[in-house]
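**Q** Have a look at this one before I ask anything.
The values are calculated or read from the model by the stated rules, or taken from the named source; none is laboratory data. Since we're looking at a predicted model, the values are computed, not measured. Positions of Cβ are generated from backbone atoms using ideal geometry, with glycine treated the same way; all protein chains shown enter the neighbour counts. The area values use the complete protein model at the heavy-atom level, side chains included, leaving out ligands, DNA and RNA. Shrake-Rupley method; radii C 1.70, N 1.55, O 1.52, S 1.80 Å.
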Amino acid sequence: MIERRDKINYYLDIAQMVSERGTCLRRNYGAILVKNDEIISTGYTGAPRSRKNCIDMGHCLREKLQIPSGERYELCRSVHAEANCIISASRRDMIGSTLYLACRNAKTGELMEGTNSCSMCKRLIINAGIKEVIVRDTKDDYRIIPVARWITNDDSLFEEDKAQNMIESNK
């Protein structure tokens, strides 16, 4: 008898499949929004509509400049999967929904364990009214992150303190 896939991994499987449309040369995320057991939108990492993607250009500027992951997103051509997913849904449908997120290494195709949404995407997720984010780590393992935790543990305050310290050290 075939064992039925649990619902969380079912949705994460779909998010992982969505990531295969990604056009980033570093990491490809796939995101889906689900509410009341219905998929309301999907999104993947890629350049804004009608602009060239990194895979079409054959290079990634951030990689060329050896910029570490998580830094200098303004130099990235891509719109993140979470942002694309949110853009495609109405806020009314997003309130109380769950965002499922999977990330693959663009070079190897392997799942990227321990990934998370960037600070900008966290802000979008908070404002969209999304209740929780479920992030895939392995084929069967995942983390459930209550969005309320991102509100309580405001990482932008840490970034603000870090920036202030840099300003003071440059005086």
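**Q** Given charges of +1 on the Cβ of Lys and Arg and -1 on the Cβ of Asp and Glu, with all other atoms neutral, how large is the dipole of the chain about its Cα centre, in debye to the nearest 20?
**A** In total the dipole reaches around 580 debye.
**Q** Something else about it: Between LYS64 and LYS139, what is the spin-label point distance in nm, taking each point 7 Å from the Cα along the Cα→C-beta axis?
**A** Once both label points are built, they end up 3.8 nm from each other.
**Q** Still on this structure, I have one more. Which option, (1) 1.09; (2) 0.98; (3) 1.03, is the value of Cα Rg over 2.2 N^0.38 Å that was calculated from these coordinates?
**A** Given (1) 1.09; (2) 0.98; (3) 1.03, the calculated one carries the label (1).
**Q** Same structure again: By how many degrees, 0 to 90 and rounded to 10, does the Cα axis of helix 7-19 deviate from the longest principal axis of the chain?
**A** Helix 7-19 sits at roughly 50 degrees to that axis.
**Q** Starting from the Cα of SER90, step 7 Å along the direction of its Cβ; do the same at ASP37; then give the gap between the two resulting points in nm.
**A** That separation, rounded to one decimal, is 2.3 nm.
**Q** Just want the answer: with Cβ charges of +1 for Lys and Arg and -1 for Asp and Glu, which residue in VAL18, ALA128, THR115 is farthest toward the dipole's positive end in the chain?
**A** VAL18
**Q** With the calculation restricted to Cα positions, what are the radius of gyration and Dmax of the range 1-75 in angstrom?
**A** Cα only, the range 1-75: 15.8, 52 Å (Rg, Dmax).
**Q** Let me ask something additional. Ignoring any ligand, DNA or RNA, what whole percent of the accessible area of the chain comes from carbon and sulfur when the probe is 1.4 angstrom?
**A** So the carbon and sulfur contribution to the accessible surface is 50 percent.
**Q** Moving on to the next point. Within the chain, which is the longest segment containing none of the GluC sites (Glu not before Pro) that sit in a DSSP loop and have at most 12 other Cβ atoms within 10 Å?
**A** Formally, the longest exposed-site-free interval is 114-171.
**Q** Something else: For the chain, calculate the relative contact order in percent as a whole number, restricting contacts to Cα pairs under 8 Å that are 6 or more residues apart.
**A** This gives 21 percent for the chain.
**Q** Pairs of lysines 8 or more apart, or on different chains, with alpha carbons under 28 Å: count those in the range 1-114, would you?
**A** Eligible lysine pairs with Cα atoms under 28 Å apart amount to 4.
**Q** So how tilted is helix 155-169 from the main axis of the chain? Cα-based, degrees 0 to 90, rounded to 10.
**A** Relative to the chain, helix 155-169 is tipped by roughly 10 degrees.
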